[in-house]
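Novice: Attaching a single structure in structure tokens format; questions to follow.
The values are calculated or read from the model by the stated rules, or taken from the named source; none is laboratory data. Predicted, not measured: the structure shown is a model, and the values here were computed from it. All Cβ positions, even for glycine, are placed from backbone atoms using ideal geometry, and neighbour counts span all protein chains on display. For the accessible areas, the whole protein counts, side chains as well, though only heavy atoms, and no ligand, DNA or RNA atoms are used. Shrake-Rupley method; radii C 1.70, N 1.55, O 1.52, S 1.80 Å.
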Amino acid sequence: MTLEEKILKAETRIFKAVFPSTTNHYDTLFGGTALYHMDEVAFIAATRFSRQKMVTVSSDKIDFKKPIPAGTIIELIGSVIHVGNTSLKVKVEIFIEQMYDERREKAITGEFTFVAIDDDKNPISIIKD
């Protein structure tokens, strides 16, 4: 399988409903909850790509463009955008979907870097020969 095919196959999509228990006093999704979901989908995409133990080492430039109101559906999309020797980068986008109409808009974008590790937690090569 080519690198491009592995990247496409690793794309991960998760849908969640935004319930009041996950919102703040403005009735919008807590930023920390959004980051939790983003790291989770990024981890899954990184693991699906590498099929190795992966750990988050950084998150970069998280842009909160739109508030995410309670009573909406969100789609999180994780895509591998860079592959290095021991690390890779996953871009995560969150889209808001209204429950009862077709409107959809991008709310949050961020990038997460992961490192492949061995059983002793030392970095190892992502691409196996």
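Novice: Filter the trypsin sites (Lys or Arg not before Pro) in region 23-99 to those in DSSP coil with at most 15 other Cβ atoms within 10 Å of their Cβ, and list the result.
Specialist: Values: sites: R48, R51, K53, K61, K65, K89, K91; in loops: R51, K65.
Those satisfying the criteria are R51, K65.
Novice: Could you give me the ³J(HN,Hα) list for region 69-77, computed from phi with Karplus coefficients 6.51, -1.76, 1.60 and θ = phi - 60°, whole Hz, x at Gly and Pro?
Specialist: x, 4, x, 10, 10, 10, 10, 9, 10
Novice: While we're on this one: Please check the chain for the longest run free of chymotrypsin sites (Phe, Trp or Tyr not before Pro) that are loop-located per DSSP (anything but H, G, I, E, B) and have at most 11 other Cβ atoms within 10 Å. Working shown, then result.
Specialist: Working: sites that count: Y26, Y100.
Between the exposed loop sites, the longest stretch runs 27-99.
Novice: Follow-up. Could you give each residue of region 29-44 its phi-based ³J(HN,Hα) in whole Hz, using Karplus coefficients 6.51, -1.76, 1.60 with θ = phi - 60°, and x for Gly or Pro?
Specialist: These are the phi-based 3J(HN,Hα) values: 4, 4, x, x, 5, 4, 5, 4, 5, 5, 5, 5, 5, 5, 4, 5 Hz.
Novice: In nm, to one decimal, how far is the T56 label point from the K121 one, both placed 7 Å along Cα→Cβ?
Specialist: Reported label-point gap for T56 and K121 is 1.7 nm.
Novice: Using a probe radius of 1.4 Å on heavy atoms only, what accessible surface per residue do you get for the chain? Whole Å² is fine. Write out the running numbers ahead of the final one.
Specialist: Numbers: 7580 Å² over 129 residues.
For the chain, the per-residue accessible area is 59 Å².
Novice: Right, something else. Ignoring ligands, DNA and RNA, what percent of the 1.4 Å accessible area of the chain is carbon and sulfur?
Specialist: Working: 4080 of 7580 Å².
Carbon with sulfur: 54 percent of the solvent-accessible area.
Novice: Lysine pairs, Cα distance under 17 Å, 8 or more residues apart or cross-chain: how many in region 24-129?
Specialist: The number of close lysine pairs in region 24-129 is 10.
Novice: Let me check against my output: what whole-number percent is the relative contact order of the chain, with C-alpha pairs under 8 Å and at least 6 apart? Don't jump to the answer; show the numbers that get you there.
Specialist: Working: 283 pairs, mean separation 36.3, N = 129.
Relative contact order here is 28 percent.
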